[in-house]
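Participant: Pasting a structure here, questions to come.
The values are calculated or read from the model by the stated rules, or taken from the named source; none is laboratory data. In this text, all values refer to a predicted model and were calculated from it rather than measured experimentally. When the accessible area is computed, the model is the full protein with side chains, heavy atoms only, and any ligands, DNA or RNA have been set aside. Shrake-Rupley method; radii C 1.70, N 1.55, O 1.52, S 1.80 Å.
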Amino acid sequence: MEIILIRHTSVDVPPGVCYGQTDVPLKATFKEEASVTAENLKEYFPFEHVYTSPLIRC
C-alpha cells in the first residue's frame, strides 16, 4: 500500500498567522499551484481512495 499526502496550496493570510481550521481565502496562484500538483501526481492515477477536508483550501 502506498499513501500520498498532499498539503493545500498557498493561502492569503499574513505570515505568522495561525489559521487552524478557519476557512481562509486562497492566493491568486491557487489554480496554477493545483495544476502543478496534479501534473506531479499523474503517475499515481487513478487513486483508489481520496480523503480530504471540507475547507476550501483543501
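Participant: Over the chain, average the accessible area per residue using a 1.4 Å probe and give it in Å², no decimals.
Facilitator: I get 90 Å² per residue for the chain.
Participant: Give the long-range amide H neighbours of Leu26: residues separated by 5 or more places, or on another chain, with amide H under 5 Å away, using H modelled in the peptide plane at 1.01 Å from N.
Facilitator: For Leu26, whose amide H was placed from the backbone, the distant partners under 5 Å are Asp12.
Participant: Suppose the Debye formula is applied to equal point scatterers at every Cα of the chain; what is log10 I(q)/I(0) at q = 0.22, 0.29 Å⁻¹?
Facilitator: Debye intensities relative to I(0), on a log10 scale: -0.99, -1.32.
Participant: What do you reckon, how do Ser53, Ser35 stack up by accessible area (1.4 Å probe), largest on top? Don't skip to the end; give the middle numbers.
Facilitator: On the way: Ser53 45, Ser35 75 Å².
Order by accessible area, largest first: Ser35, Ser53.
Participant: Which percent of the accessible heavy-atom area of the chain goes to carbon and sulfur, probe 1.4 angstrom?
Facilitator: Accessible surface attributable to carbon and sulfur in the chain totals 57 percent.
Participant: Going by accessible area, probe 1.4 Å, with all protein chains left in place, what is the ranking of Glu33, Glu39, Glu48, largest first?
Facilitator: Glu48, Glu39, Glu33
Participant: Across region 50-58, in residue order, what do the Karplus-derived ³J(HN,Hα) couplings come to in whole Hz, using 6.51 cos²θ - 1.76 cosθ + 1.60 with θ = phi - 60° and x for Gly and Pro?
Facilitator: 9, 10, 8, 7, x, 5, 4, 6, 9
Participant: Taking only Cα atoms, what is the 0 to 90° angle, nearest 10, from helix 30-40's long axis to the longest principal axis of the chain?
Facilitator: Its long axis makes an angle of about 20 degrees.
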